[in-house]
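Taking it in order: structure first as structure tokens, then the write-up.
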């Protein structure tokens, strides 16, 4: 038997479109609210990848009138809150935009839910590994845990990429949030706002802190997100992929299909309210390893280290998913190689459709 109703903010984007077939089969009614921002959507047309059974309302989550339009006739049992401005580097120069969408957009939604007496049974928030900042490290000499904080401009300009220690995997029960970017700070604020409100009104909530998501459907026009698709496009043109810092930056790459399945688990799983789950592959991959594999697929020149850096970027970020595997009942089903194969095939199809 299908559940009754689900509302998805930002649901016409990369994650929302991948999730939409699962929601269409799970719920009687699915409403998507999305402003179809031109940074993601080249046109304001409905994305072909958004399931036909999902109703799309084009509007800004920061606008109370949009919420009045939605909630006058639709009272969702479940809300999946995807709407957010992303991009670590961009958040430094467009901090107001990030704060407005990520924080104010969330509060406008919550005010509207109260105003329309439309308290959902559960809210699922897609947060980010960016809330951890540089995360926690262990000192080499005594195994002591420490939080190094943000790398300074002076440190980066001198090519001092690492801290004195070893990074540990990001996991909500073992590593405390300490964002070092405006984007990360707004996502942590989003977590706090939503959890405080949900606790007060009696809604269940589940927070998913996502690692680096990639795969078919990812925007190929947004230069601020998607390093995997960026690397693929460079290698496809037979260009050598430039590696920032020393190329040994570590990341955790997770295929979009696995993200969609994790969100569905967060919607359906009983007994997980107020939980925070880390969603990633659980595998640390250096950018050099990633670039080498992509270059090999396209038979492109070998990557090269350029020594540049981006302000606000963290040195290493990878997850420990053991808690998510056990209590969310989820685990990734695809390797990095499988994901890259799917993405490169999809890029070829897109190139023929241009």
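Since every read-out is calculated from the coordinates, none of them should be taken as a lab result. Everything numeric here is computed off the predicted structure, so don't read it as measured data. Cβ coordinates were reconstructed from backbone atoms using ideal geometry, including for glycine residues, and neighbour counts include every protein chain displayed.
Below, the figures for the structure above:
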{"quantity": "Between helix 105-115 and the chain: long-axis angle, C-alpha atoms, 0 to 90°, nearest 10", "calculated": "20"}
{"quantity": "Folded to 0 to 90 degrees: helix 287-298 orientation relative to the chain principal axis, Cα", "calculated": "90"}
{"quantity": "Inter-probe distance in nm under a simple model that places probes 7 Å from Cα toward Cβ, at residue 239 and residue 338", "calculated": "3.1"}
{"quantity": "Angle in degrees between helix 14-26 and the longest Cα principal axis of the chain, rounded to the nearest 10", "calculated": "40"}
{"quantity": "Per-residue Cβ neighbour rank within 10 angstrom, fewest leading, 9, 96, 107", "calculated": "96, 107, 9"}
{"quantity": "Top of 67, 330, 161 by mean-square fluctuation, Gaussian network on the chain, Cα under 10 Å", "calculated": "161"}
{"quantity": "Burial ordering of 54, 232, 62, fewest other beta-carbon atoms within 10 Å first", "calculated": "62, 54, 232"}
{"quantity": "Residue among 157, 229, 91 with the largest mean-square fluctuation in a Gaussian network model of the chain, springs linking Cα atoms under 10 Å", "calculated": "157"}
{"quantity": "Helix-only [θ]222 nm of the chain, DSSP H runs n ≥ 4, -39500 (n - 2.57) each, per residue, nearest 500", "calculated": "-10500 deg cm²/dmol"}
{"quantity": "GNM top mover of 318, 277, 327 - the chain, alpha-carbon springs below 10 Å", "calculated": "327"}
{"quantity": "Relative contact order of the chain, pairs being alpha-carbon contacts under 8 Å that are 6 or more residues apart, as %", "calculated": "18"}
